[in-house]
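The values are calculated or read from the model by the stated rules, or taken from the named source; none is laboratory data. Since this is a predicted model, take the numbers as computed values, not measurements. Here the Cβ positions follow ideal geometry from the backbone for every residue, glycine too, while neighbour counts run over all protein chains shown. These accessible areas exclude ligands, DNA and RNA; they are computed on the full protein's heavy atoms, side chains included. Shrake-Rupley method; radii C 1.70, N 1.55, O 1.52, S 1.80 Å.
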Amino acid sequence: MTVRVRIAPSPTGNLHIGTARTAVFNWLFARHHGGKFILRIEDTDLERSRPEYTENIKSGLIWLGLNWDEGPFFQTQRLDLYRQAIQTLLDKGLAYRSYTTPEELDKMREEQIARKQAPRYDNRDRNLTEEQRAEFEAQGRKPVIRFKIEDDREIAWNDLIRGKVVWKGRDLGGDMVIARAAEKEGEAFGQPLYNLAVVVDDIDMQITHVIRGEDHIANTPKQILLYEALGATVPEFAHTPLILNQEGRKLSKRDGVTSIDDFKKMGFLPEAMANYMTLLGWTPPDATQEIFTLSEAAEQFSLERVNKAGAKFDWNKLDWLNSQYLHKMPADKLVDLLIPYWQEAGYQFDPESDRAWLEQLTALIAGSLTRLADAPKESRLLFGESVKYSDEAISQLKLAGVAEVIKAVLEAIQPDLSEANAKEIVDRVTKAQNVKKGLVMKSLRAALMGELQGPDLIQSWLLLNQKGWDKSRLQQALSQI
C-alpha cells in the first residue's frame, strides 16, 4: 500500500498556523513512508472563499518547504462527483429528501431545549409518503438531502494518536444534511456539504490516512458512515492536538498572530517555523534534539510520538530556534533577507553598489539577531553621516581631555582603515594624550555611535570609515563639546 495523505484547507482566510502544523505532520508522515502528499482546496463556501486566500495558502506551504505531490485540486471543479454520490445514496435508500423548513427546525430545537434535551433533528421526514412529498412540493418547499443515521449504531475507530474512539449514532444530531436545497430550476438538489464532499474526495484520491486536528473528531463518525454507505474502504484516522495559547485556550487572533504571513512579516525564517511546528505536539526519539530540517524530522517521524494533549505555543522557544538559524546563516545569504527590512526602515543605501558593505554589516550584527525584523534596530547606529547622541554619550564627550582625544584620532584617520590600523591609532592616541585606553575607547564609541553600548567598536568604525562617516561623526562630536 502506498501511503496517501492530504491537506485540505478552506480558502476563506490566510494560511493559519494550525493548518500549517497539520500540513507539516501530513508531509512528514508521507515522506517517512515514501508516500504522496496531496493539496486539496475545499472552496465550496462560495460566499467566503477568495482566490487571494488560495494563493496565500499555496505560497505559505511553498515558503515552509512543504512541496505537494499532487494538486491543488478544487472542490468547485468536482461537483459532478458529489452529485453522483448523493444520487447513489438516494437510489440505495440511504438518503432522502427532507422538507422541514428553517422555521420548523428552530421551533423543534426550542422545544427540545425547553425539555432539557440536546438539540437534534428528529428524522421526521425520513419516511414521508408520496402524497406528503407531493403536498410539500405543491407548497413550494425546496428539500435538502439528508443521510440516514441509525440511533442504535455504534461507530468505532482506532485513532492512530488517541487509541480507540467510540460514538453512538444517537449522539450525532439525527439524520445529517449532505446537500442544500436546489437553487436553480431543474436541479435535483443543491450544493453538497462538507462531510459528503470530503468523503467523496478522499475515496476518489485514494487517501489512506486522514491526519487532521482534534476539532474534526465529531465529523469522523459521520464520515465513516458515509464511506461505508458508498462501499469504500475507510481510511485510518489520526487527530492531532490543538495549538494552545499560554492560558491553555485554542490559539486565536486574540493572541496577536495566527497566520503564516504574520510570522513571515515578523522576521521568522521558514526553516525555523517548520522546525518549531514539528515540535508542536510531536516528540522526537531523542527528546534532547531540537534543531533539524524537515527531511531529518521525516526520517524519525511517527504518529505514535504525537501527544494527545494540546500543544502550548511558546514564543521564547520559537525565538530561540529562529536565532539559531540566523546565527548559522552565511552573511552573503542573510543580507538578502535583511535588505527589505532596512529599506522599510528608510535607511539609505544601494543594494548593489553597497553589497560588500552590507555583507560586512550583516556579519557584525548577525549574532545579535533573534528575528530578521531586529536588523534595523541592531544596525541603526551605522547608517548615515551624522548620529544622535544620548545623554550618556554627551556626558562622556564633555569629560576633560576627550576633545583632545577626538582631535588626535581625526588627524590620524586614513581612508581604507584596517583593523590593525584602527587599533594602532587607539594605542598611539592613548600614549600621546597620556590617558587610559578605556577613556579613548569609550569616547570614540560616544563620538562615532552616539551611544555607549552597541556592536563591536572597531568593526563599527571600519564600516563607518568605508563611507567616510567616521570623520563626519567625529567632527560632529567636537561641535557638541
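Of Thr240, Thr233, all but one fail to be over 30 Å from Glu55 (Cα atoms) and of a type in the set (S, T, N, Q); the exception is Thr233.
Residues that are in contact with a His (Cβ under 9 Å, 6 or more places away or on another chain) and closer than 20 Å to Val3 by Cα: does segment 49-71 have at least one? Looking through segment 49-71, none of the residues is in contact with a His (Cβ under 9 Å, 6 or more places away or on another chain) and closer than 20 Å to Val3 by Cα. The residues of segment 385-406 that are of a type outside the set (Val, Ile, Thr) and touching a helix residue (DSSP H, G or I) at 6+ places or on another chain (Cβ under 7 Å), listed by number, are Glu385, Ser386, Tyr389, Ala393, Gln396, Leu397, Gly401, Ala403, Glu404.
Kindly indicate whether any position in segment 359-368 is within 25 Å of Asp255 (Cα to Cα), modelled with pLDDT of 95 or more and not aromatic (Phe, Trp, Tyr). Don't jump to the end; show me each part of the working.
Residues of segment 359-368 within 25 Å of Asp255 (Cα to Cα): none.
No, every residue in segment 359-368 fails to be within 25 Å of Asp255 (Cα to Cα), modelled with pLDDT of 95 or more and not aromatic (Phe, Trp, Tyr).
Among the residues of segment 9-34, those that are open to solvent by 10 Å² or more (accessible area, probe 1.4 Å) and in contact (Cβ under 8 Å) with a residue 60 or more places away in the chain comprise Gly13, Asn14, His16, Gly18, Thr22, Trp27, Phe29, Arg31, His32.
Out of all the residues in segment 324-335, which are open to solvent by 10 Å² or more (accessible area, probe 1.4 Å) and either aliphatic (A, V, I, L, M) or not in a loop (DSSP other than H, G, I, E, B) (or both)? So that I can check it myself, show each step before the final result.
Residues of segment 324-335 that are open to solvent by 10 Å² or more (accessible area, probe 1.4 Å), as a first pass: 324-325, 327-333.
If the condition is that a residue be open to solvent by 10 Å² or more (accessible area, probe 1.4 Å) and either aliphatic (A, V, I, L, M) or not in a loop (DSSP other than H, G, I, E, B) (or both), then Gln324, Tyr325, His327, Lys328, Met329, Ala331, Asp332, Lys333 are the ones that fit.
If the requirement is being in contact (Cβ under 8 Å) with a residue 40 or more places away in the chain and open to solvent by 80 Å² or more (accessible area, probe 1.4 Å), which of these qualifies: Pro102, Pro51?
Pro51
Among residues of segment 386-403 that are open to solvent by 80 Å² or more (accessible area, probe 1.4 Å), those with a beta-carbon under 7 Å from a residue that is of a type outside the set (S, T, N, Q) and at pLDDT 95 or above at least six positions away or on a different chain give the pairs Lys388/Gly450; Glu392/Leu452.
Among the residues of segment 115-131, write down those that are open to solvent by 80 Å² or more (accessible area, probe 1.4 Å) and either assigned to a helix (DSSP H, G or I) or over 14 Å from Val177 (Cβ atoms) (or both). Lay out the reasoning, then the answer.
Residues of segment 115-131 open to solvent by 80 Å² or more (accessible area, probe 1.4 Å): 115-117, 124, 127, 130-131.
Matches in segment 115-131: Arg115, Lys116, Gln117, Asn127, Glu130, Glu131.
So for segment 109-122 (the condition being hydroxyl-bearing (Ser, Thr, Tyr) and farther than 26 Å from Thr220 by Cα), does at least one residue qualify? Explain how you work it out, then say what you get.
The initial filter retains those residues of segment 109-122 that are hydroxyl-bearing (Ser, Thr, Tyr), namely 121.
Still in the running and farther than 26 Å from Thr220 by Cα: none.
Checking segment 109-122: not a single residue is hydroxyl-bearing (Ser, Thr, Tyr) and farther than 26 Å from Thr220 by Cα.
With respect to the conditions (1) part of a helix (DSSP H, G or I); (2) open to solvent by 40 Å² or more (accessible area, probe 1.4 Å); (3) farther than 15 Å from Pro9 by Cβ; (4) at pLDDT 95 or above, Glu137 lacks only one, and its number is (4). Any residue in segment 229-240 that is under 18 Å from the mean Cα position of the chain (by Cα) and open to solvent by less than 50 Å² (accessible area, probe 1.4 Å)? For segment 229-240, residues under 18 Å from the mean Cα position of the chain (by Cα) and open to solvent by less than 50 Å² (accessible area, probe 1.4 Å): present. In segment 63-74, the residues that are within 12 Å of Glu42 (Cα to Cα) form no Cβ pair under 6 Å with any partner that is exposed (fewer than 15 other Cβ atoms within 10 Å of the Cβ) and at pLDDT 95 or above, whether six or more places apart or across chains.
The residue list Lys164, Lys168 contains one member that is open to solvent by 10 Å² or more (accessible area, probe 1.4 Å) and farther than 17 Å from Asn123 by Cβ, which is Lys164. Within the bounds of segment 434-450, is there any residue that is under 30 Å from Phe268 (Cα atoms) and part of a loop (DSSP other than H, G, I, E, B)? Within segment 434-450 (the criterion being under 30 Å from Phe268 (Cα atoms) and part of a loop (DSSP other than H, G, I, E, B)), the answer is yes, since at least one residue qualifies.
Taking Leu417, is it open to solvent by less than 70 Å² (accessible area, probe 1.4 Å), in a loop (DSSP other than H, G, I, E, B) and of a type outside the set (Lys, Arg)? Before the answer, list the steps.
Details: open to solvent by less than 70 Å² (accessible area, probe 1.4 Å): yes; in a loop (DSSP other than H, G, I, E, B): yes; of a type outside the set (Lys, Arg): yes.
Yes; evaluated as a whole, the condition is true for this residue.
For segment 252-304, filtering for residues that are open to solvent by less than 10 Å² (accessible area, probe 1.4 Å), under 18 Å from Met329 (Cα atoms), of a type in the set (A, V, I, L, M) and assigned to a loop (DSSP other than H, G, I, E, B) leaves 1. Somewhere in segment 97-112, is a residue touching a Lys or Arg at 6+ places or on another chain (Cβ under 6 Å) and modelled with pLDDT of 95 or more? Yes, segment 97-112 contains a residue that is touching a Lys or Arg at 6+ places or on another chain (Cβ under 6 Å) and modelled with pLDDT of 95 or more. For Gln206, the criteria (1) under 25 Å from Arg120 (Cα atoms); (2) touching a residue at least 60 places away in the same chain (Cβ under 8 Å) hold in every case but one, which is (1).
Has segment 166-185 got any residue that is of a type outside the set (S, T, N, Q), closer than 26 Å to Phe237 by Cβ, part of a loop (DSSP other than H, G, I, E, B) and touching a helix residue (DSSP H, G or I) at 6+ places or on another chain (Cβ under 8 Å)? Spell out how you get there, then give the answer.
Pass one, segment 166-185, residues of a type outside the set (S, T, N, Q): 166-185.
Filter once more, so that each one left must be closer than 26 Å to Phe237 by Cβ: 166-179.
Going one step further and asking which of them are part of a loop (DSSP other than H, G, I, E, B), we end up with 172-175.
Applying the additional criterion that residues be touching a helix residue (DSSP H, G or I) at 6+ places or on another chain (Cβ under 8 Å) yields 172.
Within segment 166-185 (the criterion being of a type outside the set (S, T, N, Q), closer than 26 Å to Phe237 by Cβ, part of a loop (DSSP other than H, G, I, E, B) and touching a helix residue (DSSP H, G or I) at 6+ places or on another chain (Cβ under 8 Å)), the answer is yes, since at least one residue qualifies.
Against the condition more than 30 Å from Arg4 (Cβ to Cβ) and touching a Phe, Trp or Tyr at 6+ places or on another chain (Cβ under 6 Å), how does Tyr99 come out, does it pass? For Tyr99, the condition - more than 30 Å from Arg4 (Cβ to Cβ) and touching a Phe, Trp or Tyr at 6+ places or on another chain (Cβ under 6 Å) - is met.
Residues that are closer than 21 Å to Leu269 by Cα and of a type in the set (Gly, Ala, Ser) were ranked within segment 334-368; the one that is farthest from the chain's Cα centre (by Cα) is Ala363.
Which one is nearest to Lys250 (Cα to Cα), of the residues in segment 338-353 that are surrounded by 16 or more Cβ atoms within 10 Å (Cβ to Cβ) and of a type outside the set (Phe, Trp, Tyr)? Break it down into steps so the answer makes sense when it comes.
To start, the set of residues in segment 338-353 that are surrounded by 16 or more Cβ atoms within 10 Å (Cβ to Cβ) comprises 338-339, 341-342, 347, 349.
If we keep only those that are of a type outside the set (Phe, Trp, Tyr) as well, we get 338-339.
Values: Leu338: 33, Ile339: 35 Å.
Among residues in segment 338-353 that are surrounded by 16 or more Cβ atoms within 10 Å (Cβ to Cβ) and of a type outside the set (Phe, Trp, Tyr), the one nearest to Lys250 (Cα to Cα) is Leu338.
For segment 369-393, the set of residues classified as of a type in the set (D, E, K, R), under 17 Å from Gly267 (Cα atoms) and in a loop (DSSP other than H, G, I, E, B) consists of Arg371 only.
Of all the numbered requirements in (1) surrounded by 19 or more Cβ atoms within 10 Å (Cβ to Cβ); (2) touching a residue at least 60 places away in the same chain (Cβ under 8 Å); (3) hydrophobic (A, V, I, L, M, F, W, C), Ala422 misses one, and that requirement is (2).
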